[in-house]
Amino acid sequence: MTNPKKQDKMKVALIGATGFVGSHLLEELLRRGHEVTALARSVEKIPVKNGKPNTVAVDVADSKALCEAIKGSDVVLSAFNAGWSNPNIYEDFMKGSQAIQQAVKDAGVKRYIVIGGAGSLYIAGQQIVDGPHFPAQFKAGATAARDYLNILKKEAILDWTFFSPALDMFPGERTGKYRIGTESPVFDDKGESTLSVQDTAVAVIDEMENHKFSQKRFTAGY
């Protein structure tokens, strides 16, 4: 799949703009000319060129400040991560994600796109995170992302989309090519589920522009 036709510029609030995925989402958004407000707890790492993007330092736990920062956006794109080394990652991810969800509603923004985890995808009828070989160090974070997806599925007001990345997401190059899936990983002819973080950003921003997965989850891979 290649990059679809160019859409009108959108006002995008990007949460988690300094993270592994968030920084590449930011790059892709600016590449396409969207008007971006990049939000992070610390904005010093966000590269600003010619006044773009607009940056706002905000903690997602500060619901009032977050609501003000995202007001007027066409879409809120959340790459929020509570930190893989955080011993309280499950509780902090669930609390932060639900705080973001409520702030989006309070701000009057309808479109909400969440970067979640791959652990909630299914293989042979079982969610990957529940498998016996799932890495212990990622279990709590992946379980949180799965449990939050179940909460999001009950959200009736927001026009939400949840993206699950490929099983192997790595720093690579931007090819602009990928294939789409829904509830199971996208495997290539070698039986591998891979996608560079650059093409992950392409897939997510394509969805933002083309809006094919309203109140649904999707995934992508080569």
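Overall, the chain carries a charge dipole of about 500 debye about its Cα centre when +1 sits on the Cβ of Lys and Arg and -1 on the Cβ of Asp and Glu, all other atoms neutral.
Restriction of the GluC sites (Glu not before Pro) in segment 1-94 to DSSP coil positions whose beta-carbon has at most 13 other beta-carbons within 10 angstrom yields Glu44. A straight line joining the Cα centroids of segment 91-146 and segment 11-57 runs 22 Å. Listed by chain and number, the lysines whose C-alpha is less than 21 Å from the C-alpha of Lys52, apart from same-chain residues fewer than 8 away, are Lys6, Lys9, Lys11, Lys71. Counting only residues at least eight positions apart within a chain, or on another chain, the lysines with an alpha carbon under 18 Å from that of Lys95 are Lys64, Lys105, Lys139, Lys153, Lys154. Using Cβ point charges alone (K and R +1, D and E -1), the dipole size of segment 97-177 about the Cα centre works out to roughly 160 debye. Annotation: the antiparallel percentage among DSSP beta bridges lying fully within the chain is about 15.
Once the 1.4 Å probe is applied to the protein heavy atoms, the chain comes out at 49 Å² accessible per residue.
Labels on offer are (i) 48, 19, 15; (ii) 25, 21, 16; (iii) 50, 17, 15, and the one holding semi-axes √(5λ) of the Cα gyration tensor in Å computed from this structure is (ii). Taking θ as phi - 60° and the Karplus parameters 6.51, -1.76 and 1.60, the scalar couplings of segment 119-135 work out to x, 7, 5, 10, 10, 6, x, 10, 5, 4, 4, 8, x, x, 9, 5, x Hz in sequence order, x denoting glycine and proline. On full extension, the segment bounded by Ser184 and Phe170 gains 3.1 nm, given 0.36 nm per residue less the C-alpha separation.
On the beta carbon distance between Ala65 and Lys212, with R0 = 35 Å, the FRET formula returns roughly 0.60.
Only helical DSSP H runs with n ≥ 4 go in: add -39500 (n - 2.57) per run for the chain, normalise by residue count and round the 222 nm mean residue ellipticity to 500 deg cm²/dmol.
Calculated at 222 nm, the ellipticity per residue is -10000 deg cm²/dmol.
What is the calculated FRET efficiency for Trp84 to Val48, with r their C-beta to C-beta distance and R₀ = 35 Å, to the nearest 0.05?
Here the calculated transfer efficiency is 0.85.
Across segment 183-222, the relative contact order, built from alpha-carbon pairs under 8 Å that are at least six residues apart, equals 64 percent. Protein heavy-atom surface of segment 82-185, 1.4 angstrom probe: 55% of the accessible area is carbon and sulfur, with nucleic acids and ligands not counted. Comparing mean-square fluctuations of Gln101, Gln127, Gln198 from a GNM of the chain with C-alpha springs under 10 Å, the top value falls on Gln127.
The values are calculated or read from the model by the stated rules, or taken from the named source; none is laboratory data. Treat the numbers as computed from the prediction; the structure is a model and nothing was measured. Note that each Cβ is placed from the backbone with ideal geometry, even for glycine, and that neighbours are counted across all protein chains shown. In case anyone asks, the SASA skips ligands and DNA or RNA and just uses the protein heavy atoms, side chains included. Shrake-Rupley method; radii C 1.70, N 1.55, O 1.52, S 1.80 Å.
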